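The next block holds one structure in the form of structure tokens; read it before the comments.
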Amino acid sequence: MNAPLPTAAVPPTWTTGSTEVFKTGTWRAALPRHIRAPSPCHQACPVNGDIAEWIGLARTRQWRAAWDVLTRHNPFPAIAGRICHHPCESACNRAGHDEALSICKLERFVGDTAITEGWAFAPPAVERDGHVAVVGGGPAGLSAAFQLRRRGWRVTLYEAGAELGGLMRHGIPSYRLARDVLDAEIARIVALGVELRCHTVLAGPDDLQRLRETHDAVFVATGAARPKRLPQLDYRRPWVVDGAGYLAAANAGTPPALGRRVVVVGGGSAAIDAARSARRAGHAVTLLALESRSQMPAQREEVDEALDEGIALVDAAMLDAATWSDGALRLDCVRVRFEPGAERGRFSISRVDGSGFAIAADAVITSIGADPDLKVFGDALPAQGALLAADARTQATAQAGVWAGGDVASMARFVTEAVGMGKRAALAIHRQLLGEAAPEVDAEAVVPLAAIATWYHAPAPRAAARTLPAAARLAAGAEVQLGLEIEQALAEGERCFSCGTCIECDNCVVVCPDLAVRRADGGGYEVLGDYCKGCGLCVRECPTGSMKMLEETR
């Protein structure tokens, strides 16, 4: 019998090779890519601010850098942080997780820090030959002047009044917008080299033509100074006062004497401002609004603060008739149903039968809106209804070389909307003077909440709003709304999802099962196409929604 052959021991096999030889990228149908996409707050912002970017800097205490990013689009962060209607917060993705970010208050913190620290805008990098006339020193005109000067154009600002600010100075009370804040942010713009011509009124189409002949471009931002009036009232009577005139006098420290009982008619922010100013002047104030409380165009916090200060609200009602007899004013009113229209400023009302009532008063202030005075333009600039006709993207009018924005060309009667129009006009003028084409529109879609890996964001409460007690603010006339403390500002910055903006957290590198994502030499990341199987795990685990899968065709 043959003996079995001896079995030789088989040594283990070792290798110093790499799995890089297995190019598994051919298995996929889609490839992940890092993107920079617009956040919902950016899209909703009237000035299209880079909100995620500046908040990302603020949360790491880079306050100056945050301010620099903020003021690319808006030279008034401290002002906007006090009075903006903040549509960005309504759009905030965080609202679908717990509560919207307090963007407005955080902007105020950055803006106030800039004033405290004395930060100034850098002078233009280049001085250009073109000369632009800006007519109107309100938010739209100042915004346009700022953007044009930063780009090196010579700017002359023509203002009818003695001071700049427009509505911000004459229409918004100091308890909402402190005058030292207003003055500081305006002075910073003027310091860029804006030439001022105050007490200069645009009196007619000949004046506009002269400006056009002596300047390379003209931006018209003359506002809306012609108040709307109620036919039920006789405005020749001393007990009938226009709201804009009342606010201008009250803001100048000389409110007219109106008796003890004052009724303010209107439901917008200007009406609330008039009512609260009258309350500070010692009057017992009733606010009569067409809209129900939930429909009033004034900001919710303004209404709440007015009620805290003792103002009586009669909502969903309108004035029917006014009678003055034996030294007393009787306002006959009726309840109504208010239905907003599809277009801004349009609405319908229906009376509620048998709902009449009367209010006794000593004076009535009407604050129901205003229209621009278009007579000064004659036929030089076409109108669209009660407004100058202007392109919504560029603010260009039908007259070559003339742009228009702010209340003279829009029913979007908010300060930051006017700032955005001034910016758009300035950029369009800049491109026209240089002969450049308009930039391409961002191809990326707005980041939805579903794109955010919310499990990386622990629930956290929104920074609580702080206000002076009602008795203290009525007595002192100080600002009602208080700013954030630094700890609150930092915590609020941490709550931001940074939608569409990569924060270089390395999640994509860590979670990739194929080690197919790595940091790029020049910053950011790169996906290694030879090895990525297209599983999409990196996209699902992105905490900012700044990655997406792109389908590939072979």
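The values are calculated or read from the model by the stated rules, or taken from the named source; none is laboratory data. Owing to the predicted nature of the structure, the values given are computational and were not obtained by experimental measurement. As a convention, Cβ positions derive from the backbone with ideal geometry for all residues, glycine included, and neighbour counts pool all protein chains shown. With ligands, DNA and RNA removed, areas are computed over all heavy atoms of the protein, side chains included. Shrake-Rupley method; radii C 1.70, N 1.55, O 1.52, S 1.80 Å.
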### Query
Take the residues of the range 518-534 that are open to solvent by 70 Å² or more (accessible area, probe 1.4 Å) and in a loop (DSSP other than H, G, I, E, B): which is nearest to P40 (Cα to Cα)?
G522
### Query
Which residues, taken from the range 351-373, are outside any strand (DSSP E or B) and either buried (at least 17 other Cβ atoms within 10 Å of the Cβ) or free of Cβ contacts under 8 Å to residues at least 12 places away in the same chain (or both)?
D353, G354, D362, S367, I368, G369, P372
### Query
Among the residues of the range 535-551 satisfying the criterion of being charged (D, E, K, R) and open to solvent by 60 Å² or more (accessible area, probe 1.4 Å), which is modelled with the lowest pLDDT?
E551
### Task
Among the numbered conditions (1) open to solvent by less than 40 Å² (accessible area, probe 1.4 Å); (2) touching a Lys or Arg at 6+ places or on another chain (Cβ under 6 Å); (3) free of Cβ contacts under 8 Å to residues at least 24 places away in the same chain, tell me where A389 comes up short.
(2)
### Task
Could you list, in sequence order, all residues of the range 449-482 that are open to solvent by 70 Å² or more (accessible area, probe 1.4 Å), in contact (Cβ under 8 Å) with a residue 40 or more places away in the chain and farther than 17 Å from I83 by Cβ?
Y456, P459, P461, R462
### Summary
Taking the range 497-517 and keeping residues open to solvent by less than 40 Å² (accessible area, probe 1.4 Å) and under 36 Å from the mean Cα position of the chain (by Cα) leaves F497, S498, C499, G500, T501, N507, C508
#### Entry: Subset of the range 60-100 [touching a Pro at 6+ places or on another chain (Cβ under 6 Å) and of a type in the set (D, E, K, R)]
D98
#### Entry: Criterion: under 30 Å from A491 (Cα atoms), touching an Asp or Glu at 6+ places or on another chain (Cβ under 6 Å) and open to solvent by 10 Å² or more (accessible area, probe 1.4 Å) - qualifying residue of A95, A184, A178, A120
A178
### Query
Going by the conditions given, is A274 more than 21 Å from M411 (Cα to Cα) and either crowded, with 16+ Cβ neighbours inside 10 Å or not charged (D, E, K, R) (or both)?
no
### Task
Can you give me the number of residues within the range 52-75 that are free of Cβ contacts under 8 Å to residues at least 60 places away in the same chain, farther than 25 Å from V190 by Cβ and either touching a helix residue (DSSP H, G or I) at 6+ places or on another chain (Cβ under 6 Å) or in a helix (DSSP H, G or I) (or both)?
1
### Task
State whether one or more residues within the range 152-172 are touching a Pro at 6+ places or on another chain (Cβ under 7 Å) and farther than 29 Å from A249 by Cβ.
yes
### Message
Return the residues of the range 254-270 that are over 21 Å from G81 (Cα atoms) and either touching a residue at least 40 places away in the same chain (Cβ under 8 Å) or of a type in the set (A, V, I, L, M, F, W, C) (or both); say none if nothing qualifies.
### Response
A257, L258, G259, R260, R261, V262, V263, V264, V265, G266, G267
### Summary
Per the filter on the range 328-339, residues open to solvent by 30 Å² or more (accessible area, probe 1.4 Å) and hydrophobic (A, V, I, L, M, F, W, C) are A328
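The rows are residues; the columns are (1) farther than 24 Å from T394 by Cα; (2) open to solvent by 10 Å² or more (accessible area, probe 1.4 Å); (3) touching an Asp or Glu at 6+ places or on another chain (Cβ under 9 Å); (4) aromatic (F, W, Y).
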site	(1), (2), (3), (4)
S102	yes, no, yes, no
L106	yes, no, yes, no
F109	yes, yes, yes, yes
H131	no, yes, yes, no
S143	no, no, no, no
### Message
Tell me the residue from A418, A400 that is hydrophobic (A, V, I, L, M, F, W, C), outside any strand (DSSP E or B) and either in contact with a helix residue (DSSP H, G or I) (Cβ under 6 Å, 6 or more places away or on another chain) or surrounded by 24 or more Cβ atoms within 10 Å (Cβ to Cβ) (or both), please.
### Response
A418
### Query
Among (1) over 16 Å from V241 (Cα atoms); (2) buried (at least 17 other Cβ atoms within 10 Å of the Cβ), which single condition is H283 missing?
(1)
### Query
Taking the range 286-327 as the region of interest, how many residues are open to solvent by 60 Å² or more (accessible area, probe 1.4 Å), in a helix (DSSP H, G or I) and touching a residue at least 60 places away in the same chain (Cβ under 8 Å)?
1
### the range 472-507: number of residues that are under 27 Å from E309 (Cα atoms), touching an Asp or Glu at 6+ places or on another chain (Cβ under 9 Å) and not in a loop (DSSP other than H, G, I, E, B)
3
### In the range 147-168, the residues that are touching a residue at least 40 places away in the same chain (Cβ under 8 Å), out of contact with any strand residue (DSSP E or B) (no Cβ under 8 Å at 6 or more places or on another chain) and open to solvent by 10 Å² or more (accessible area, probe 1.4 Å)
R150, R151, A160, G166, L167
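For (1) in contact with a Ser or Thr (Cβ under 7 Å, 6 or more places away or on another chain); (2) in a helix (DSSP H, G or I), each residue gets a yes or a no:
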residue: A184; (1), (2): no, yes
residue: R210; (1), (2): no, yes
residue: A224; (1), (2): no, no
residue: A244; (1), (2): no, yes
residue: L247; (1), (2): yes, yes
